[in-house]
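S.K.: Can you keep this structure in mind? I'll have questions shortly.
The values are calculated or read from the model by the stated rules, or taken from the named source; none is laboratory data. Computed from a predicted structure; not experimentally measured. Using ideal geometry, Cβ is built from the backbone for each residue, glycine included, and neighbour counts are taken over all protein chains shown. Keep in mind that these areas ignore ligands, DNA and RNA; they rest on the heavy atoms of the full protein, side chains included. Shrake-Rupley method; radii C 1.70, N 1.55, O 1.52, S 1.80 Å.
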Amino acid sequence: MSSTIIVNTPVLSGAGALYRKHGLTAKTVVIFDENTRNLFRDQVIATLEAEGFRLLELTVPARETSKSLNAAYRLYATMIEAGVDRSWNLLAVGGGVVGDLGGFIAASYYRGIPVVQCPTTLLAMTDSAIGGKVAINHPLGKNLIGFFHMPELVLIDPSFLRTLPEREIFAGMAEVVKYGFIADRTFLDWLEEHFDRITALKEPFLTEAVRRSSSIKADVVEKDFRETTGLRATLNFGHTFAHGLEKLAEYRYLRHGEAVTLGMICALWLSNGLGYLSEKDLQGGLDLLARFRFPKGVIKRRFLAHSSEALLENMFSDKKKLDSKLRFVLLKKPGEAFLLEENVDDREVLKAIERARAFVATAAKH
Ligand SMILES: NC(=O)c1ccc[n+]([C@@H]2O[C@H](COP(=O)([O-])OP(=O)(O)OC[C@H]3O[C@@H](n4cnc5c(N)ncnc54)[C@H](O)[C@@H]3O)[C@@H](O)[C@H]2O)c1
Ligand SMILES: O=C(O)C(=O)C[C@@H](O)[C@H](O)[C@H](O)COP(=O)(O)O
Ligand SMILES: [Zn+2]
């Protein structure tokens, strides 16, 4: 299962022809968040209208808590009242929140209409817009209610990133670095070399990072769309910890990518503690993650605010668990991840979290 990913579609120009080529009608529900609406609405709508689209515009608050059934419920009503039927499709213009919520609505509305993703954050361009995982959060856990609903098209224009705040760039960089850790040592080395150029949005490094990340993700998803073989689960490296942290933060204060940075620090320590990852490779991974900014100490404070036991308890909402036992994605070496099928003793997990806490307390100086 795959979708067409096009990098460099300046603000959706040529969308009409692309839609026709992919059998999509020019009747489109466009969903923004407040920020992407303020920044890009006029350009996007003008382009689509000039190409003959009939549009219904929707907007949600720019926050993680918009990934909720309440938000979806309100938007369904607007769509029903406007007469949106199965001949329509949905276009999500925004970060992972708009993409996940928009995809969730598209997957469920009238039992499913097509979705096109137009990602505007680094995280969305490299990860969330690709692969068809769409979901809302539940107070009992992150992304617990959702579908696999592959986008027909992913239209990426890296120039959207010019307005993205620095904090969001680093949040996106977490998932970019994740691909290096799990799948491609050469990419990891390249990221280490060009880290400052990419986070400063310098070309051609930025577009290259987007291209390589989106292509690694698309490749994994094509081989294991429904996450049944253990391969797609490697995209979840660090996420068992990250989702526990996001839940503890009640989906506020901590960006998903920031939680993933912390989660990968924990996962590196766990990989080492269980004897899979050498000291040298552990240190190399930690050195790279220490280059992430810890804005105004927020990440550090959020991470250190909760006990290791509280984090472990909140990790049990993870969807990879089997028979009430957590399963972890670990590294053997940089570029090689695997899903460990055996049960890991809670004491090992707590030890890894403690080590990660000590590392963050000293490495995160900001
Ligand atoms: N479906 C998946 O495979 C997948 C993968 C990774 C993450 N996710 C989900 O994605 C979400 C996080 O996505 P995110 O990091 O993109 O956050 P986000 O969608 O909240 O966007 C971050 C912030 O940037 C703003 N923004 C977006 N584009 C902008 C631009 N070009 N310029 C200025 N501001 C802009 C948004 O309004 C928001 O305030 C989480 O819910 C996470 O669970 C899903
Ligand atoms: O696409 C995937 O598969 C991923 O795991 C990508 C992750 O970066 C992403 O955060 C995803 O939403 C997590 O999936 P979940 O199944 O753990 O909710
Ligand atoms: Zn993620």
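S.K.: Need pairs with beta-carbon distance below 6 Å; first residue under 20 Å from residue 229 (Cα atoms) and within segment 333-356, second open to solvent by 90 Å² or more (accessible area, probe 1.4 Å); sequence gap 6+ or separate chains.
M.R.: Within 6 Å, the pairs are 335/185; 343/325.
S.K.: Please identify the pairs in which a residue from segment 21-35 that is open to solvent by 50 Å² or more (accessible area, probe 1.4 Å) has its Cβ atom under 9 Å from the Cβ atom of a residue that is of a type in the set (Asp, Glu), counting only partners at least 6 apart or on another chain.
M.R.: Note: pairs meeting the criteria are 22/152; 23/152; 27/85.
S.K.: Can you name every residue in segment 1-20 that is open to solvent by 30 Å² or more (accessible area, probe 1.4 Å) and part of a strand (DSSP E or B)?
M.R.: Passing the criteria: 4, 5, 6.
S.K.: Shifting gears a bit: Find the residue count for segment 221-246, including only residues that are open to solvent by 10 Å² or more (accessible area, probe 1.4 Å), more than 13 Å from ligand 3 (Cβ to nearest atom) and either not assigned by TED's automatic domain parsing to the domain that holds residue 178 or not acidic (Asp, Glu) (or both).
M.R.: Residues in segment 221-246 being open to solvent by 10 Å² or more (accessible area, probe 1.4 Å), more than 13 Å from ligand 3 (Cβ to nearest atom) and either not assigned by TED's automatic domain parsing to the domain that holds residue 178 or not acidic (Asp, Glu) (or both): 7 in total.
S.K.: Within segment 48-70, track down each residue that is surrounded by fewer than 19 Cβ atoms within 10 Å (Cβ to Cβ), part of a helix (DSSP H, G or I) and free of Cβ contacts under 8 Å to residues at least 60 places away in the same chain.
M.R.: Matches in segment 48-70: 49, 50, 70.
S.K.: Let me ask something else. Give me the strands (runs of 3 or more DSSP E) completely within segment 84-145, filtered to those with at least 2 residues that are more than 25 Å from residue 223 (Cα to Cα), ordered by residue number.
M.R.: Once the strands (runs of 3 or more DSSP E) in segment 84-145 are filtered for at least 2 residues that are more than 25 Å from residue 223 (Cα to Cα), what remains is 89-94, 133-138.
S.K.: If you don't mind, another one. What number goes with the only condition from (1) open to solvent by less than 60 Å² (accessible area, probe 1.4 Å); (2) within 16 Å of ligand 1 (Cβ to nearest atom) that residue 266 does not pass?
M.R.: Condition not satisfied by residue 266: (2).
S.K.: Related question: Check segment 60-79 and report whether any residue there is farther than 14 Å from residue 156 by Cβ, acidic (Asp, Glu), within 10 Å of ligand 1 (Cβ to nearest atom) and not assigned by TED's automatic domain parsing to the domain that holds residue 257.
M.R.: yes
S.K.: Also, I was wondering about something else. Is it the case, given these coordinates, that residue 332 is open to solvent by 60 Å² or more (accessible area, probe 1.4 Å), modelled with pLDDT of 95 or more and in a helix (DSSP H, G or I)?
M.R.: Criteria not met by residue 332.
S.K.: Count, please, the residues in segment 248-263 that happen to be part of a helix (DSSP H, G or I), more than 8 Å from ligand 2 (Cβ to nearest atom), crowded, with 24+ Cβ neighbours inside 10 Å and in contact (Cβ under 8 Å) with a residue 40 or more places away in the chain.
M.R.: Count: 4.
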